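The values are calculated or read from the model by the stated rules, or taken from the named source; none is laboratory data. Worth saying up front: this structure is predicted, and the values here are computed from it rather than measured. For neighbour counting, all protein chains shown are included, and Cβ atoms are generated from backbone atoms with ideal geometry for every residue, glycine included.
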């Protein structure tokens, strides 16, 4: 689990995904609405000719939607060979983490969050929640 993680914020929490799974990070992109889409599907984006599903993790984390004037950023990850865009409040830095910093999912973590992470890294400035990109990208009806 040690290695480099791209970090991002959703509400007050810092999440991370391994650099090797991140295709790119982007500012606000226009999204096409998908009628009758499952909860959390924020639409589709065209990234240089590739249509990419965009997911908003806030509903799955039990968080309110961002206000309409907010412009979330996107972290485009590869999940089983497919690009998926995750909406995030802001993108942070790339951090190097070590196995010694890793711990399993704490029992005290909200169950909505617990299902989406594989564990936490203890950092000097707080915790880095290691996102399970497969679980995060799973669209539930």
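Structural remarks
- Test: residue in region 52-60 that is modelled with pLDDT under 95, within 12 Å of residue 15 (Cα to Cα) and in contact with a helix residue (DSSP H, G or I) (Cβ under 9 Å, 6 or more places away or on another chain): yes
- Residues in region 31-46 that are in contact with a strand residue (DSSP E or B) (Cβ under 7 Å, 6 or more places away or on another chain), at negative phi and free of Cβ contacts under 8 Å to residues at least 60 places away in the same chain: 31, 32, 33, 34, 42, 44, 45.
- Wholly within region 44-141, strands (runs of 3 or more DSSP E) carrying at least 1 residues that are buried (at least 19 other Cβ atoms within 10 Å of the Cβ) and under 12 Å from the mean Cα position of the chain (by Cα): 50-56, 73-79, 82-88, 117-123, 126-131
- If the condition is being closer than 13 Å to residue 20 by Cα and in contact (Cβ under 8 Å) with a residue 60 or more places away in the chain, then region 60-82 contributes 75, 77.
- Of residues in region 19-30 being farther than 16 Å from residue 90 by Cβ and in contact with a strand residue (DSSP E or B) (Cβ under 6 Å, 6 or more places away or on another chain), the one surrounded by the fewest Cβ atoms within 10 Å (Cβ to Cβ): 19
- Flag if residue 1 is within 24 Å of residue 97 (Cα to Cα) and surrounded by 12 or more Cβ atoms within 10 Å (Cβ to Cβ): yes
- Screening 99, 107 for residues that are free of Cβ contacts under 8 Å to residues at least 12 places away in the same chain and more than 15 Å from residue 133 (Cβ to Cβ) leaves exactly one candidate, 107.
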